[in-house]
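Here the structure comes first, spelled out in structure tokens, and everything after it is commentary.
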Amino acid sequence: MSAGRLLVSALRDPDSLADPDWSALIAAARAEQLLGSLAERLRGHALPRKTTQILAAARRESAHQRTRALWEAEMARRALAPLGVPVVLLKGTAFHAANLAAAAGRSVGDLDILVPRERMAQVEAALLAAGWERMKEADGYDDLYYRRWMHELPPLIHRDRDRMIDVHHTILPPTARPTPDARALIADSVALESGLRILAPADMVIHAAAHLFADGDLAGGLRNLWDIDRLLRQFDSAAFRAQLAARADLHQLRRSTARALRLAARLYGSPIDRGLAGRDRIADRLFEARLLARNGWGQPRRPLLRFAFYVRSHWLRMPPAMLARHLWVKARR
Amino acid sequence: MKHSLTLRIGPVGFRIGSAWRGPIDALAALYEGYPAPEDGICDFTVRLEPEKPWRRWLRPSVAIQGDYVLPDAAPMALAHGLLAAEMGMNLQMALGQKSWLLLHAASVEKDGRALILTGESGAGKSTLAALLGERGWRLMGDEFALLDPESGALHPFPRAVSLKNGAIRVMEGEVDAARFGPRLEGTPKGAIRHLRPNAQALARMDVPASPALILFPRFGEATAARAVGPAEIFMRLTQASTNYVALGQAGFDALTRLVATPAAAIDYPDTASAVDLVETLWAEAA
Amino acid sequence: MAPLRYIADPPEDVRAVALDGLSVLYHVPSGTTHIVAPPAPEILAALREGPADVAELLARLATHFDVEGDDAAAAIGARLGELEAAGLVRRA
């Protein structure tokens, strides 16, 4: 069994683990940023002493990341509160802020927030006033690239805390073909006690699906699908399934969502709506292979397959004519 | 990976994989006598890989990969492969160790009590610790001291001592040639030679000790010593720790307890004075 | 315009240890360690009695300490700004 497959199997069914190659499993988990999640799944299991110690340290690390992430969200909240702007937390920070099942052991890095497009300039100004800074003196072109073509401000970093914040106005680049309904994402977001918001559960699943396929080359995909699995298990119901289908159509992300559901079911046994997901496709096998392309030394495998997905991800992000221009300007520097 | 080795240093198990055989052979020779990881389970993985596939053979260039990496690290020449492996292991500790509070310090033990030597790189702590290790003290480590956040005990991490430039000759005069690795020239820090800790250090690598004295040594000045207060110790140790922040409240509690330990800043013009000063201050702290 | 009022976190959110003249603080919600000198610990203690603006804070401090000088208010205001930037106090 490859290390990638062992990892998926361990997460999906921890009871099935029988004297695995722990070094390989731990290295693969680290490489896929899933060691914290694995540690949570193995809580209470009888394990070799050394494994217990390593996983206890991983839990300590997860708890620390959670603390830092929630604090970063809180400081952003303090900076933006006077504006009266809806601030929607995204990804791992959102899971932690709402104490979702998906938060268990979830590693989290930068803060990602979603705000209305027309308020972005004000939001940036407020963050700059509160100690965030632009990353580098963005030369004209990179800055333009971010503002016009990407779906976020150029990243800001806090000068004292050294943590990054990414401010988005939608969940996919405006240049990519599916056009999610950003207004609806915000309008239907859920308020937390602090006043910060998270996406509606169906939108969280769709965001994760979009992020997995349209926003990247599947790197980090096992973690992304694990998020989706945890979300589906927490929220699955007839009403939720109906909502998921409706929102997937609204955001023009039905295909990505369907594929994400199929892969989550394939890898993690997630409860899915076959009506929305459809039957398994031949291409699903390629995606699965790409996701599992990790060996017991933590190395990525299947270089050609990975390269194919890398090119595809850029293709999806920017239509070819723009992509050519972007690459040409980059090459000229 | 084509060639590989596992070994345990104190409580930490490592796997080192390499596309080339040389570094693994050198590592095996230097770490002769070290135990295997507990139950074969490795805390960390280090990989020595070609920077680009063709650099495996053409002007071989070693990139240090593993669980934790430095994104912009320059690759190294194959001749420095052993050094790359060492740096890789250090990196895993510095970025990945979350079970113990890491102090960037050398440490030696006598009668179950530990002397911690900490301060800037190049201050001579490694050499001083290595020397003390041959003069009746047990070497616990030259680079990292592991503080147990629960118990406050210091755990050994007796990796091979990294000696640079002048320090190499000092220790060559003290110690059997068989304990040395190859002399590596032209590294970013000049000449480096690794020294395996002695049999006593290896035999007792699982035996912790209670911190009893903290010294901040500084080489090159006339012999002097001044007491250092807890606030200053706290500040200097947090600066010297790569994982203090990551350990959260446990780290804070462990460090605030540790700073009650007697501490002094010492200056010394040569190693003989250093050893005398250390012995004097140790006797006073008892 | 009403003057700014500040709030400090409850005592269980801050672990404080005094070390020869300075205080090291572990701020639980942020996981950050701060090393602070007077009057910062005194300001935090005074704020724990309840939200306050600079004037109220000065009055509270004056009941325990000698607060002197015309620029005491300015100094307290500056310290509050620093504590706010550090996340140890926030606006009410």
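Nothing in this text is a laboratory measurement; each read-out follows from the coordinates by a stated rule. Predicted, not measured: the structure shown is a model, and the values here were computed from it. Using ideal geometry, Cβ is built from the backbone for each residue, glycine included, and neighbour counts are taken over all protein chains shown.
Among A:L114, A:L286, A:L231, the largest mean-square fluctuation in a Gaussian network model of chain A, built with springs joining Cα atoms closer than 10 Å, belongs to A:L286. Does anyone have the angle between helix C:72-86 and the longest principal axis of chain C? Alpha-carbon axes, 0 to 90°, nearest 10? Around 30 degrees separate the two axes.
The charge dipole of chain A, taken about its Cα centre with unit charges on the Cβ of Lys, Arg, Asp and Glu (plus for the first two, minus for the last two), comes to roughly 820 debye.
Please compute, for peptide B:39-47, the average count of beta-carbon atoms on other protein chains lying within 10 Å of each residue's beta-carbon.
Values: counts 6, 5, 12, 7, 6, 5, 11, 1, 4.
Partner-chain Cβ atoms within 10 Å, mean over residues of B:39-47: 6.
Taking every DSSP bridge with both residues inside chain A, close to 65 percent are antiparallel.
For chain A, the longest principal axis of the alpha carbon atoms and the long axis of helix A:3-12 meet at an angle near 90°. Take each residue of peptide A:291-300, count the partner chain Cβ atoms within 10 Å of its Cβ, and average: the result is 3.
Which angle between 0 and 90 degrees, to the nearest 10, do you get for helix B:21-30 versus the longest principal axis of chain B when only C-alpha atoms count? Here the helix axis deviates by roughly 30 degrees.
As a proxy for reagent exposure, B:M205, B:M140 were ordered by neighbouring Cβ count within 10 angstrom, fewest first; the result is B:M205, B:M140.
Database remark: amide H of A:S2 closer than 5 angstrom to no amide H (H placed geometrically; neighbours at sequence offset of 5 or more, or on other chains; Pro and chain starts carry no H). Backbone amide hydrogens, once placed in the peptide plane, bring B:F144 within less than 5 Å of B:A105, excluding anything fewer than 5 places away on its chain.
For segment A:47-125 versus segment C:1-48, the inter-centroid distance based on Cα atoms is 24 Å. Of all DSSP beta bridges confined to chain B, the antiparallel ones make up roughly 70%.
Among the residues of A:52-65, the average count of other protein chain beta-carbon atoms within 10 Å of the residue beta-carbon is 4.
Here is the link list: B:K52/B:K98; B:K98/B:K125; B:K52/B:K125; A:K91/B:K2. Which ones come out longer than 29 Å on Cα distance?
On the way: B:K52/B:K98 32 Å; B:K98/B:K125 24 Å; B:K52/B:K125 37 Å; A:K91/B:K2 38 Å.
With Cα atoms farther than 29 Å apart: B:K52/B:K98; B:K52/B:K125; A:K91/B:K2.
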